[in-house]
1. Which pairs turn up if I take residues in the range 20-32 that are open to solvent by 50 Å² or more (accessible area, probe 1.4 Å) and look for partners that are among the small types (Gly, Ala, Ser) with beta carbon separation below 7 Å, at least 6 apart in sequence or on another chain?
2. Can you tell me how many residues in the range 57-96 are outside any helix (DSSP H, G or I) and either within 14 Å of Lys4 (Cα to Cα) or among the hydrophobic types (A, V, I, L, M, F, W, C) (or both)?
3. Out of all the residues in the range 52-76, which are surrounded by fewer than 17 Cβ atoms within 10 Å (Cβ to Cβ) and in contact (Cβ under 8 Å) with a residue 40 or more places away in the chain?
4. Filter the range 42-56 down to residues that are under 27 Å from Asn32 (Cα atoms) and in a helix (DSSP H, G or I), then give me how many there are.
5. Regarding the range 117-126, can at least one residue be identified that is outside any helix (DSSP H, G or I), at pLDDT 70 or above and farther than 20 Å from Glu9 by Cβ?
6. Take the residues in the range 33-50 that are in contact (Cβ under 8 Å) with a residue 12 or more places away in the chain and surrounded by fewer than 15 Cβ atoms within 10 Å (Cβ to Cβ), then tell me which one is nearest to Glu88 (Cα to Cα).
Amino acid sequence: EKCKNILGEIKKHPLSVIFNYPIDPVEEGIPNYFTVVKTPMDLSTIQANLDNNKYQTIADWKSDMTLVWSNAVKYFTKKSYIGVVAIELEKYFNKLCENNLVFTNQQWMDLITKKYKKINNNIDNVKFKTVFANIKSNKS
């Protein structure tokens, strides 16, 4: 359900319209699209896959979502209008996933490891400050 909600939020974004449907290389005037992009993906296909319970895991869904953005950058380049929009929508997508706690197992592990290191760093800083304060007070 969270995946559908996030996809819905992405589709509400005014710039997402260019990613709503599969690319038609003939109509778009880019006949070599399928030569460059081997696995095309778009938001309507992802919506259909969600509606038909085709995704086994959140990671599968996220992979398809990421494919939309990476295909755009791969074909149009990151400096093109479409590439820039894809990069911005990917950032928005990642933020929505983070805010809705939609993580793959690896992302959970990375988040936990990051928090653990931060806590340990803070503890080490407190220990260092305490030791430093003790050394300083012993000198006085």
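1. Tyr21/Ser44
2. 1
3. Tyr55, Thr57, Ile58, Ala59 - these are the residues of the range 52-76 that are surrounded by fewer than 17 Cβ atoms within 10 Å (Cβ to Cβ) and in contact (Cβ under 8 Å) with a residue 40 or more places away in the chain.
4. Here is the first cut: in the range 42-56, the ones under 27 Å from Asn32 (Cα atoms) are 42-49.
Filter once more, keeping what is in a helix (DSSP H, G or I): 43-49.
Total satisfying the criteria: 7.
5. no
6. Ranking the qualifying residues of the range 33-50, first place goes to Ser44.
The values are calculated or read from the model by the stated rules, or taken from the named source; none is laboratory data. These figures come from a predicted structure and were not determined experimentally. Neighbour counts run over all protein chains shown; Cβ positions are idealised from the backbone, glycine included. Note: areas computed on protein heavy atoms with side chains; ligands, DNA, RNA excluded. Shrake-Rupley method; radii C 1.70, N 1.55, O 1.52, S 1.80 Å.
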